[in-house]
Ligand SMILES: Cc1ncc(COP(=O)(O)O)c(C=O)c1O
């Protein structure tokens with residue numbers, strides 16, 4: 001049954017898709033409206049059902065329509081931007097394991113670093129236009145870190161955190177509507193970022209060692225970019241090892257010019273080594289970002305991007321044309337914090353603590369018969385049958401975790417649990433709670 005009056009036209013998949021897209025743009029077709037069935041439209045236009053199915057597939061990939069088969073194909077509703085990243089509010093008295101935040105008690109006291117940055121001001125005043133740019137010392141510091149991990153660092157840009165760097169690298173080469181291969185599940189901030197840049201995610205399944213090479217290969221011809229997280233994957237904690245990195249590089253070698261952007265946001269608190277595409281000398285367009293959010297605190301908004309020469313030049317150009325630069329006050333604060341002799345010990349302590357908390361929880365779950373893989377980072381993914389009910393059940397027991405909807409595309413439902421602040425005693429109680437709210441053989445998939 002047609003709910004819409006708009007006459008779709010075209011004789012090929014591309015024309016038909018364009019006709020629907022034009023109708024959506026002009027609002028002749030509104031959010032939620034149902035498109036004709038493939039069969040009905042094929043008959044109406046005198047084309048094969050395969051042609052219409054292809055047109056609908058293109059529209060789905062571009063995020064303009066949803067659904068297929070019996071449920072019908074509908075125009076996608078307007079979603080408010082950035083809804084995924086906004087963690088739900090947590091009531092007082094409920095233990096918040098939903099935020100994805102680092103443990104504040106493991107962050108350094110920034111007051112000495114802020115004082116050092118203040119001391120660099122000219123009589124307490126901020127620099128003027130034309131007087132500020134990237135700090136050479138900070139660039140050198142990040143370059144040293146990248147090179148220590150065998151990542152080239154000849155072309156670096158100081159950016160406003162990992163997400164800023166990723167967005168700038170993607171938009172340096174991609175255009176609205178382009179498709180980007182992402183991990184599935186994927187960090188919700190990346191999905192929001194793609195939305196914000198009018199780019200479309202194509203899911204690539206992951207296991208504990210990150211993106212699956214055969215799944216990447218399936219979408220390789222259709223994407224204009226790839227975003228991947230070499231370690232501390234959010235939400236699963238996956239980390240690439242050398243073998244997986246090489247297998248992914250072998251697939252990517254089929255398209256040496258394809259842009260690959262890597263998110264090494266957690267480098268300074270990582271307890272596993274880096275294995276990244278950026279370590280290869282054979283890629284044409286690449287970028288890798290690092291951030292100070294996890295080790296020093298998210299509000300600093302400072303990170304660094306290392307990239308091939310063209311990508312770095314374009315990122316710098318657009319940065320200069322938009323935000324201009326990352327405040328030197330922040331850069332000097334970061335430089336002072338990173339240069340503090342006490343920081344090495346503090347970071348080592350943070351790394352160990354996060355790893356201990358994560359592994360204690362994984363072990364506690366396992367003792368309760370729930371087996372989860374998680375080798376790095378501060379988040380863990382727990383597959384469940386019904387994520388809304390599972391999250392609600394845990395909430396009534398005093399635990400706030402995130403339903404997986406914000407993170408997944410084709411992955412079956414799950415919960416994201418932030419382990420950053422979870423003490424071993426709590427780990428045991430939460431694991432028991434999870435096992436307790438598990439309806440007989442239904443709530444959890446433990447495969
Ligand atoms: C995988 C991943 N990338 C990026 C970020 C955000 O980094 P930044 O604050 O530097 O933009 C996060 C934050 O949790 C993350 O988990």
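Multiply the residue gap between residue 148 and residue 92 by 0.36 nm, knock off their C-alpha separation, and tell me the result in nm, one decimal place.
15.8 nm
At 10 °C and a viscosity of 1.306 mPa s, what translational diffusion coefficient does Stokes-Einstein give for region 297-447, taking Rh as the Kirkwood radius over Cα pairs? Give it in µm²/s as a whole number.
In µm²/s, the coefficient rounds to 86.
Working from Cα positions, state the angle (0 to 90°, nearest 10) between the long axis of helix 328-339 and the longest principal axis of the chain.
With rounding to tens, the tilt is 60 degrees.
Can you give the relative contact order of the chain as a percent, counting alpha carbon pairs under 8 Å and 6+ residues apart?
18 percent
I want to verify a result. In a Gaussian network model of the chain, Cα cutoff 10 Å, which of these has the top mean-square fluctuation: 333, 419, 322?
The residue with the greatest mean-square fluctuation here is 322.
Please compute the length gained on full extension between residue 368 and residue 103, using 0.36 nm multiplied by the number of residues separating them and subtracting their Cα-Cα distance.
Roughly 92.8 nm would be gained on extension.
P(r) of the chain in 10 Å steps, Cα pairs, percent per bin?
Calculated over all Cα pairs of the chain, the distribution is 4, 19, 27, 25, 16, 7, 2, 0 percent.
So which residue, out of 130, 303, 377, gets the largest mean-square fluctuation from a GNM of the chain using Cα contacts under 10 Å as springs?
Residue with maximal mean-square fluctuation among 130, 303, 377: 130.
So what is log10(I(q)/I(0)) for region 335-412 at q = 0.12, 0.23, 0.24 1/Å, when the Debye sum runs over its Cα atoms only?
Cα-only, vacuum Debye calculation for region 335-412: -0.51, -1.15, -1.20.
For region 196-342, what is the relative contact order in percent, using Cα pairs closer than 8 Å and at least 6 residues apart in sequence?
Averaging sequence separation for qualifying contacts and normalising by length gives 17 percent for region 196-342.
If you count, for each residue, the other Cβ atoms within 10 Å and average over each peptide, how do 400-408, 356-364, 144-152 line up from highest to lowest?
400-408, 356-364, 144-152
Given only helices, namely DSSP H runs of n ≥ 4 each adding -39500 (n - 2.57), what is the per-residue ellipticity at 222 nm of the chain, to the nearest 500 deg cm²/dmol?
Taken over the chain, the calculation gives -12000 deg cm²/dmol.
Between residue 222 and residue 250, take the C-beta separation as r, use R0 = 22 Å, and let me know the FRET efficiency to the nearest 0.05.
The pair residue 222/residue 250 has a calculated efficiency of 0.70.
Percent antiparallel among DSSP beta bridges with both residues in the chain, to the nearest 5?
Counting only bridges with both partners in the chain, antiparallel ones make up about 55 percent.
Picking from 422, 202, 330, which is most flexible by a Gaussian network model of the chain using Cα springs under 10 Å?
Sorting by GNM fluctuation, first place goes to 330.
Please compute the length gained on full extension between residue 432 and residue 68, using 0.36 nm multiplied by the number of residues separating them and subtracting their Cα-Cα distance.
My answer for the length gained is 127.1 nm.
Tell me the angle of helix 49-61 to the major Cα principal axis of the chain, expressed in degrees between 0 and 90 and rounded to the nearest ten.
That works out to roughly 20 degrees.
Helix 13-25 against the longest principal axis of the chain: what's the angle in degrees, Cα atoms only, rounded to the nearest 10?
On a 0 to 90 degree scale, this one is about 70.
Taken together, the values in this text are just the output of simple stated rules run on the coordinates, not laboratory data. These numbers come from a predicted model, not from an experiment. Heads up, the Cβs are rebuilt from the backbone with ideal geometry, glycines too, and the neighbour counts pull from every protein chain shown.
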